[in-house]
Amino acid sequence: LGSFCSSMWGCRKRHSITKGSALLAGDGKCVICDSYVRPCTLVRICDECNYGSYQGRCVICGGPGVSDAYYCKECTIQEKDRDGCPKIVNLGSSKTDLFYERKK
């Protein structure tokens, strides 16, 4: 999560029972620390992040998801898997959308 620019943040809303997906290139990579070591806990995302065209998308980049996303053992021990929905949200595009919605 630290490798993204300042306009990208995690959703962090309360997650539901929906499984998060990952790209084939990110298969086995922890969504928090980008580690490939010991994938442990299945990622759960909130209903808003899995609604409509966002359904089945990669948790990290938003591309089409191929496999399930996981937290590594270390992030599970530190309880980072309980922080909420880990989906990356681009605040820059959200602010742009809000600007054009207000302009209408």
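Show the residues, 5+ positions off or on another chain, whose built amide H is closer than 5 Å to the amide H of residue 18.
So residue 18 has HN proximity to 45.
For the stretch 13-52, run through the trypsin sites (Lys or Arg not before Pro) and keep only the ones in DSSP coil with at most 16 other Cβ atoms within 10 Å of their Cβ.
Counting only loop positions with at most 16 other Cβ atoms within 10 Å, the trypsin sites (Lys or Arg not before Pro) in the stretch 13-52 are 13, 14.
Each value in this text was obtained by applying a stated rule to the coordinates, not by laboratory testing. If you're wondering where the values come from, they're calculated on a predicted model, not measured in any experiment. Every residue, glycine among them, receives a Cβ derived from its backbone with ideal geometry; neighbour counts consider all protein chains shown.
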